[in-house]
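K.L.:
Submitted below is the structure of interest, expressed as structure tokens.
The values are calculated or read from the model by the stated rules, or taken from the named source; none is laboratory data. Keep in mind the model is a prediction, meaning the values are calculated, not measured. Positions of Cβ are generated from backbone atoms using ideal geometry, with glycine treated the same way; all protein chains shown enter the neighbour counts. For accessibility, only protein heavy atoms count, side chains too; no ligands or nucleic acids. Shrake-Rupley method; radii C 1.70, N 1.55, O 1.52, S 1.80 Å.
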Amino acid sequence: MKEPILYFASHRRQFLGLVTLAWAQVGGAQSVMPALLPSPPSLQIELAKALQQKQALIVMVSLEGCAFCRIARSSHLVPMQKAGTPIVQLDMRSVQGVLDFQGRATTHDQLIKQWRISVAPTLLFFGPGGKEVVERMEGGYLPDFYGPYLEERLLKARQAL
């Protein structure tokens with residue numbers, strides 16, 4: 001009888017994370033509008049605006065139905081974007097049109113494949129010329145560490161400009 005209690009105690013953090021995620025997917029998230037990031041018509045224009053503010057452009061690569069994407073977006077990225085951090089979103093498997101950093105017409109999915117991204121969410125940090133200025137953030141990370149990793153990348157991106 002003690003074994004299940006020990007198992008539960010040792011896996012408490014994972015259990016609580018799964019319960020929170022299940023609640024968000026089933027009950028809590030249905031009554032609230034999902035947090036959204038802008039989908040840019042032109043990455044070239046968005047990058048120019050970001051650089052005028054002396055900031056890197058953050059591009060979130062998302063996937064429809066991705067729970068980790070939804071959590072990262074609502075908990076971290078949308079509040080940052082509302083506070084003035086330049087962040088846009090591109091969607092895997094989307095045929096929505098977008099102009100790349102050189103002003104050429106492409107789609108979200110084609111650009112994501114060109115960047116060799118296969119994990120959602122992925123955050124990219126772009127500087128002058130549409131070049132990545134810091135290491136990408138791939139995947140959901142642990143919720144306790146996502147924010148600090150993101151802040152570290154932002155600091156490095158600003159220093160790289």
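K.L.:
I need the full set of residues from region 14-63 which are open to solvent by 40 Å² or more (accessible area, probe 1.4 Å), in a loop (DSSP other than H, G, I, E, B), at pLDDT 90 or above and out of contact with any Cys (no Cβ under 8 Å at 6 or more places or on another chain), in order please.
P.N.:
PRO38, SER39, PRO41, GLN53, LYS54
K.L.:
Out of all the residues in region 90-109, is one or more basic (Lys, Arg), over 15 Å from LEU47 (Cβ atoms) and assigned to a loop (DSSP other than H, G, I, E, B)? Let's see the steps before the verdict.
P.N.:
Within region 90-109, the first condition is being basic (Lys, Arg), and the residues that meet it are 93, 104.
Remaining after also requiring over 15 Å from LEU47 (Cβ atoms): 93.
Add one more test, that the residue is assigned to a loop (DSSP other than H, G, I, E, B), and what stays is 93.
The answer is yes, given that some residue of region 90-109 is basic (Lys, Arg), over 15 Å from LEU47 (Cβ atoms) and assigned to a loop (DSSP other than H, G, I, E, B).
K.L.:
Residues in region 91-106: is at least one surrounded by 13 or more Cβ atoms within 10 Å (Cβ to Cβ), within 17 Å of GLU151 (Cα to Cα) and either among the charged types (D, E, K, R) or in contact (Cβ under 8 Å) with a residue 60 or more places away in the chain (or both)?
P.N.:
no
K.L.:
Working only within region 110-148, note down all residues that are farther than 17 Å from GLN159 by Cβ and of a type in the set (Phe, Trp, Tyr).
P.N.:
Across region 110-148, the qualifying residues are TRP115, TYR141, PHE145, TYR146.
K.L.:
Considering only region 53-97, state which residues are in contact with a His (Cβ under 6 Å, 6 or more places away or on another chain) and not hydroxyl-bearing (Ser, Thr, Tyr). So that I can check it myself, show each step before the final result.
P.N.:
Quick first cut of region 53-97, residues in contact with a His (Cβ under 6 Å, 6 or more places away or on another chain) only: 90-91, 94, 96.
Of everything in region 53-97, those that are in contact with a His (Cβ under 6 Å, 6 or more places away or on another chain) and not hydroxyl-bearing (Ser, Thr, Tyr) turn out to be LEU90, ASP91, GLN96.
K.L.:
Which one of these does LEU150 not meet: (1) open to solvent by 20 Å² or more (accessible area, probe 1.4 Å); (2) closer than 16 Å to VAL88 by Cα; (3) in a helix (DSSP H, G or I)?
P.N.:
For LEU150, the failing item is (1).
K.L.:
When you look at LYS113, is it in contact (Cβ under 8 Å) with a residue 24 or more places away in the chain, out of contact with any strand residue (DSSP E or B) (no Cβ under 6 Å at 6 or more places or on another chain) and either crowded, with 16+ Cβ neighbours inside 10 Å or farther than 24 Å from TYR146 by Cβ (or both), yes or no? Reasoning before the result, please.
P.N.:
Working: in contact (Cβ under 8 Å) with a residue 24 or more places away in the chain: no; out of contact with any strand residue (DSSP E or B) (no Cβ under 6 Å at 6 or more places or on another chain): yes; either crowded, with 16+ Cβ neighbours inside 10 Å or farther than 24 Å from TYR146 by Cβ (or both): yes.
In short, no.
K.L.:
Whether any residue in region 118-138 is open to solvent by 70 Å² or more (accessible area, probe 1.4 Å), in contact with a helix residue (DSSP H, G or I) (Cβ under 6 Å, 6 or more places away or on another chain) and part of a loop (DSSP other than H, G, I, E, B) is what I want to check.
P.N.:
So the first thing to find is which residues in region 118-138 are open to solvent by 70 Å² or more (accessible area, probe 1.4 Å), and the list is 118, 128, 131-132, 135, 138.
The next check asks that each one be in contact with a helix residue (DSSP H, G or I) (Cβ under 6 Å, 6 or more places away or on another chain); those that pass are none.
Checking region 118-138: not a single residue is open to solvent by 70 Å² or more (accessible area, probe 1.4 Å), in contact with a helix residue (DSSP H, G or I) (Cβ under 6 Å, 6 or more places away or on another chain) and part of a loop (DSSP other than H, G, I, E, B).
K.L.:
Within region 64-86, count every residue that is farther than 23 Å from GLN159 by Cα and at pLDDT 95 or above.
P.N.:
The qualifying residues number 0.
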